[in-house]
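First comes the structure, then the notes that go with it.
Bear in mind these aren't lab numbers, they're just calculated from the coordinates by the rules spelled out. Here the structure is a predicted model, which means the values were calculated and not measured. With ideal geometry, Cβ positions are generated from the backbone for all residues, glycine too; neighbour counts draw on all protein chains shown.
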Amino acid sequence: MSKTVRFITKNFGKYDVSSIGSYMECGGFDALKKAITLSGEEIAAIVAEAKIKGRGGAAYDMGRKLAQAKSVIAEKKVVICNADEGEPCTFKDRMLLENDPFNLIESMIIAGYTVDAEDGYIYLREEYCHLRPLLLNAIRQARTYGFLGTNILGKGFNFEIHLYSGAGAYVCGEGTALIESIEGKAGRPRMKPPFIKQCGLYNRPTCVNNVESLSLLSHILLDENKEYQTYGMGDSIGTKLISVAGNVKNPGVFEIPFGTTVREIVYDLAGGIDGDRPIRLLQFGGASGKIASSKILDTPYTYEDLKRSGVTVGSGAILIIDDRTSLIEFLQSTQEFFSHESCGQCTPCREGNRHMKLFLQKLADGTHTEKDIASMKKIAKLMAMSSLCGLGETAQSALVSAINQFEDVFHVKSSEVQG
Amino acid sequence: MSLSLIKNYVLTKELATKIDLILAAHENDGSQLVGILLDIQELIPNHYIPEEIAYYLAEKLDVKITNIYDCITFYSSLSTTPRAKYPIQICNSIVCKVNQNDTIFTTLKELLGIDLNEVTYDGRFTLESVTCFGACDMAPAVRINGKVYGYLTNKAKIENLLSELI
C-alpha cells in the first residue's frame, strides 16, 4: 500500500483559513521571520539544493530562477504568482489556495524579499473567482499585522500584493500573456527575447512562479532537518502534488514522494478504474501532455523515469481513460481545446491547429491517407519548433506521442493507400 | 429564442453611478480593464457588456474603444451579447467528457428546450460549452455564475439543480 506525504500539504485542515491568528498559531510566518535573517542568494541556494523545479509545467530550476532574478540590478522589481491553472485535469493549485491561502501570501513575501521586489501580483483565473474573498482577506490581514506594507519586520523591506483576475483564457497561463492581461490588454504572448526577468510587467524585471512552487518556499525554509530530502528517488528529490482524474474511482489531489509508481497512483491512491475496466491510455501533464499506454504502470513517477518512458511531469496532472473512449475521440477533444484556446497571433499555431483539426476528422471518418499522416507529423513538428509560445509548441504533444505509442490506429487500410 | 430579439440596454444614471463606483474601486486605472469588465458584467442582469457601457468605459478610462472590444472578444468569460440570468456553463474538456458529460448536454437541451448559446423564453437560462474550470474531481460538472455544481451523473440531479435556480 503506497502512502501520501504531508510536507507541502502539512497545514491542510490545521488552521482556520480566514484567520491569520489561527495560521500563526501553527507556525505561520515563522518562515518569513527566518527568511529575513538570510540573504536572497542564500535563500535561492537553499531552494537549489532541494532541486526544486517549477511546478507549473515548464520545470525550470527554481533556485536558479530566484538567483537570476536577485542578480538583476533594477528598482521596482516584480514577483508574480501564476494561479491561472488552466491545464485540463489539473486542480492541485486550487487545493492549495482553498486549504492554505496564508501560506501562499507568506511565500510571496519571501519570494519578494529574496529577489528584492517591491510588488507582488497574484493572477487568479476567473474560474476560481470564488477564492477571491479568501485571498483578499488573507492579504488584508497580513497587511494589518505588518507583514505587508513598508519596513516589514523592521528590515526596511517594502512589499505589497495585488490580486488580479483572469477572464477565461488558457493562454494567460503563459508568463508574457499573463503580464499582458495584468496590463489591461488581451492576453497575447510576447516575443522573447526580451525575457521577462529583464523586461516583464510594465517592462520591469519580473519573476513568475507557480502556486505550488511558491508554497514550497516557506516549508523548505523551515525544514532544518531536511525532511524534504528524505523523500524521492535519484535526482527527483522530495514530494509532488498530483491531480488524478478521469475514469478512476477516487479522483483527487495527492501529495506523493517522487518514485511512487504509476500503478500505485492509479490503483492504490485513485482506487482503480471505474467498473475495473481496462485502461485505454494515460496522459501526463494535462492537455498539453504526452500520452502512454498501460505499459507505463510500473514506471516510477520521477522526472527522469517519466522522460525515459516518453512522457513528462508537466502540471502534475494524470488523466486515465478507460476503453469506453477511443483514442481518436480523445485526440479530437484535445484538439478542440487547443483550437479554442490558441490566441491566433502566430501562423504555426493558428493554421497548424486549424489543419490538424481537419486531419483528425479525416482520421475519425476513416478517409485519411498515408500522405495525410505524413502531413500531420510535419505540421506537429513545425508547430513544436516555431510557435511563438508554449501553447503552440505543446498543442500536438498528445498526437505525436499517440502516433508513437498506438501506431495501428493511424494505419491506412490498404485499399485507400494513395500517392 | 434568438438573441437579437432582446432590446438594447440603456445606460441609466443609476447604472452609471454603480459603474463609477467600480471604476473608483479600481483606482480609475485603465490597466485594470479586465477586472473592471468582469465586475461590470456582474452588474448587468444578463451578464454581458452592452455597447453603450463599452463606450462609456472608453471615455471614462481614456482607453481606445478598440482596446475595450479587443479584451471583451478575447476573453471567454466576457460577452458582447446578452446571455441569461443563469448562464449554465457545461465543461466540455476531456475529464468531464469521459465522465459522460453528454448526459448533461442532452438533458439540459431537452428540459429547457434550447440549444447551445440560445436563451430560454423567460431569459432565465442559456447553455454554454466551456473549457475546463478545474472541477475534475467532481466530474461531470457545470458552472453557473461562479458556482460549481459537480457529480451531475443523472437526469434527477440535473433537474434538482434547475429547481434551485429561480
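Computed quantities for the displayed model
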quantity	calculated
Cross-link pairs beyond the 27 Å C-alpha cut-off, checked among A:LYS185/A:LYS377; A:LYS33/A:LYS307; A:LYS290/A:LYS357	A:LYS185/A:LYS377; A:LYS33/A:LYS307
Partners for B:LYS155 among aspartates and glutamates (Cα-Cα distance below 12 Å; same-chain residues under 8 apart left out)	B:ASP102, B:GLU110
Of all DSSP beta bridges in the stretch A:231-322, antiparallel share, percent nearest 5	80
For the stretch B:86-164, radius of gyration divided by Kirkwood radius, i.e. Rg to Rh on alpha-carbons	0.92
Prolate/oblate/rounded label for the stretch A:231-322 (Cα gyration tensor, a/c 1.5)	prolate
Debye-sum result for the stretch A:20-221 in log10 I(q)/I(0), which assumes one identical scatterer on each alpha carbon, at q = 0.12 Å⁻¹	-0.53
Antiparallel bridges, percent of DSSP beta bridges restricted to the stretch B:86-164 (to nearest 5)	55
The protein assembly as shown, dipole about Cα centre (Lys/Arg Cβ +1, Asp/Glu Cβ -1), debye to the nearest 20	640
Under the Debye formula (equal points on every Cα, no solvent term), log10 I(q)/I(0) of chain A at q = 0.06, 0.07 Å⁻¹	-0.25, -0.34
Charge dipole (debye, nearest 20) of the stretch A:327-416; +1 at Cβ of Lys and Arg, -1 at Cβ of Asp and Glu	280
Rounded tilt (10° steps) of A:211-221 against the dominant C-alpha axis of chain A	40
Computed over the stretch A:329-419, Cα set: Rg, Dmax in Å	12.8, 40
Whole-number percent relative contact order across chain B, with pairs defined as alpha carbons under 8 Å at least 6 apart	21
B:ALA141 long-range amide H proximity, modeled H, under 5 Å	B:CYS91
Relative contact order computed over chain A (Cα-Cα under 8 Å; 6+ residues apart), in percent	16
Distance (nanometres) between label positions extended 7 Å along Cα→Cβ at A:ASP235 and B:TYR151	4.4
Crossing angle, helix A:370-386 versus chain A [Cα axis fit, 0-90 degrees, rounded to tens]	20
P(r) histogram, all alpha-carbon pairs of the stretch B:10-60 included - 10 Å bins from 0, percent	26, 65, 8
Rounded tilt (10° steps) of A:62-71 against the dominant C-alpha axis of chain A	50
Theoretical ellipticity at 222 nm over the protein assembly as shown - DSSP helices of four or more residues, -39500 (n - 2.57) apiece, nearest 500	-11500 deg cm²/dmol
Ranked A:SER165, A:SER19, criterion: other C-beta atoms within 10 Å, fewest first	A:SER19, A:SER165
Share of Cα-Cα pairs in the stretch A:267-385 lying beyond 23 Å, as whole percent	39
In sequence order, calculated HN-Hα J values of the stretch A:396-403 (Karplus, 6.51, -1.76, 1.60; Hz; x Gly/Pro)	9, 4, 4, 4, 4, 5, 5, 4
Sequence-distant residues sharing a close amide H with B:ARG124 (under 5 Å, placed H)	B:LYS85
Counting DSSP beta bridges with both ends in the protein assembly as shown, the antiparallel % (nearest 5)	50
³J(HN,Hα) computed for each position of the stretch A:12-17 - Karplus, 6.51 cos²θ - 1.76 cosθ + 1.60, integer Hz, glycine/proline x	4, x, 8, 9, 6, 5
Magnitude of the charge dipole, chain B, Cβ model with Lys/Arg +1 and Asp/Glu -1, debye to 20	420
